[in-house]
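Some notes on the structure that comes next.
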Amino acid sequence: MRDIKIFRELQGEATDWRRYLHANPELDFQEYNTARFVAEKLSSFGINHVETGIAGTGVVGLIQGEGGDGPTIALRADMDALPIVETSNKPWASKTSGIMHACGHDGHTAMLLGAAKHLARSRNFKGSVALIFQPAEEPAFPTGAYKMVQEGIMERFGISQVFGMHIAPGIEVGRFGIRQGSIMGSQDDFDIVVRGRGGHAADPSRTIDPVVIAAQIILGLQTLVSRKTDPLESLVISVTKLNAAQAYNIIPDQVEIGGTVRTSASSHRDFAEREISASAQAIARGFGADIEFKYLRSVPATINSIEETNLAICAARSLVGAESVDEKVKISMGAEDFAYMLEARPGAYIFLGNGPTAECHSPAFDFDDEALPYGIGYWVQLVETVLGFGTDAGVN
Ligand code: NI
């Protein structure tokens with residue numbers, strides 16, 4: 001087992017970077033200052049090959065090992081913040097009102113920079129490591145990872161495997177969680193417009209009331225999961241938007257319903273699209289109304305491949321011991337756009353404990369800087385596990 005102390009040496013510096021990024025958050029595809037900060041740091045570590053401006057504000061740095069030829073693996077961090085007013089009251093709280101790092105991407109960026117500094121010094125691996133700093137993990141389609149893959153980073157840098165990491169409130173600092181197969185859900189959104197016939201609220205028999213029909217449709221959607229889905233499978237359908245008349249005395253012509261679908265496998269997305277439409281259509285027809293239905297596919301499920309998951313487990317274990325690595329962590333139904341990179345290449349995504357903090361996307365959230373050396377250490381161990389050479393490579 002490797003001593004975490006080696007990586008604690010980088011903690012002070014990484015904490016400064018993390019808090020600087022936290023105080024200066026930028027929204028998706030606007031990470032100009034963050035990207036500049038990242039590129040400058042990479043160059044200062046002696047990394048000569050740094051490409052900027054990928055997918056707008058994305059940065060990729062390439063470190064060649066000194067162990068000769070070998071594959072290129074990618075380590076990925078995300079850089080964007082969220083449109084939330086911060087309430088953490090920390091000295092390094094956001095200086096930009098209404099924008100904050102509420103999902104730990106400041107910490108992800110700082111950890112990958114820490115690993116970059118270590119790896120640029122040691123270079124005790126074969127092949128190369130591509131450090132991907134991506135924009136825009138948070139928005140709906142098209143996201144930063146999608147665009148970087150579209151712009152050909154996998155081919156251009158010759159990447160054969162991809163690895164991601166996310167901070168996880170509720171898991172102790174210094175512990176890791178991972179699982180084979182689906183680890184994060186897919187995200188799709190849907191819109192239903194119920195078209196009836198409006199009129200005076202005092203005279204409903206002369207209308208086809210879309211408000212009552214919308215209410216039936218919403219209740220009907222509740223049975224798609226409870227009555228039509230295998231209880232051992234993961235599917236969430238939530239109605240989140242509802243838009244009807246703006247007055248007490250008007251029955252509107254139409255009502256708009258919107259919601260989100262989260263699943264652990266692409267087959268469930270087909271099911272959700274088909275069944276939501278059929279159920280809403282049938283209910284509306286029963287009342288003499290009609291619907292318009294739109295299903296918007298966004299991020300796919302994040303699916304860890306077997307071999308790379310085992311490599312990730314091996315790396316995490318060699319850092320913190322087997323007892324601190326949960327190999328069967330519960331699947332999270334949140335969506336993660338690293339899924340697009342995992343569609344392009346095999347790889348694995350791991351959770352790193354952030355301790356008992358506020359949840360991600362909460363205005364009180366903050367990254368725990370005690371987690372920094374574990375994240376840095378994991379990246380370094382992973383590189384040495386996958387690309388290690390010689391007798392003391394990998395677990396040392
Ligand atoms: Ni996130």
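The values are calculated or read from the model by the stated rules, or taken from the named source; none is laboratory data. No experiment lies behind these values; they were computed from the predicted model shown. All Cβ positions, even for glycine, are placed from backbone atoms using ideal geometry, and neighbour counts span all protein chains on display. SASA here: full protein model, heavy atoms, side chains in, ligands and nucleic acids out. Shrake-Rupley method; radii C 1.70, N 1.55, O 1.52, S 1.80 Å.
Structure summary
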quantity	calculated
Only one of 164, 114 that is of a type outside the set (D, E, K, R), open to solvent by less than 20 Å² (accessible area, probe 1.4 Å) and part of a strand (DSSP E or B)	164
Subset of region 330-365 (residues that are within 14 Å of the ligand (Cβ to nearest atom) and among the hydroxyl-bearing types (Ser, Thr, Tyr))	332, 349, 357, 362
All positions within region 299-308 that are open to solvent by less than 50 Å² (accessible area, probe 1.4 Å) and assigned to a helix (DSSP H, G or I)	308
Region 93-110 residues that are assigned by TED's automatic domain parsing to the domain that holds residue 76 and of a type in the set (Asp, Glu), paired with ones that are outside any loop (DSSP other than H, G, I, E, B) and more than 11 Å from the ligand (Cβ to nearest atom) (beta carbon under 6 Å, 6 or more apart)	106/18; 106/21; 106/22
Count of residues meeting criterion [in a loop (DSSP other than H, G, I, E, B) and either small (Gly, Ala, Ser) or within 16 Å of the ligand (Cβ to nearest atom) (or both)] in region 81-111	14
Filter result (open to solvent by less than 10 Å² (accessible area, probe 1.4 Å) and among the hydroxyl-bearing types (Ser, Thr, Tyr)) within region 309-362	309, 318, 349
Sole residue being part of a loop (DSSP other than H, G, I, E, B), within 22 Å of the chain's Cα centre (by Cα) and among the aliphatic types (A, V, I, L, M), chosen from 348, 339, 358	358
Qualifying position, being of a type in the set (Asp, Glu), farther than 24 Å from residue 365 by Cβ and touching a residue at least 40 places away in the same chain (Cβ under 8 Å), among 66, 40, 51	66
Extreme residue, nearest to residue 335 (Cα to Cα), among residues of region 201-255 that are β-branched (Val, Ile, Thr) and under 27 Å from the mean Cα position of the chain (by Cα)	236
Subset of region 96-111 (residues that are surrounded by fewer than 20 Cβ atoms within 10 Å (Cβ to Cβ) and closer than 29 Å to residue 301 by Cβ)	none
Candidate set: region 144-160, residues that are of a type outside the set (D, E, K, R) and open to solvent by 20 Å² or more (accessible area, probe 1.4 Å); chosen: the one farthest from the ligand (Cβ to nearest atom)	158
Any hit, region 126-143, residues being assigned by TED's automatic domain parsing to the domain that holds residue 68, assigned to a helix (DSSP H, G or I), more than 11 Å from the ligand (Cβ to nearest atom) and open to solvent by less than 10 Å² (accessible area, probe 1.4 Å)	no
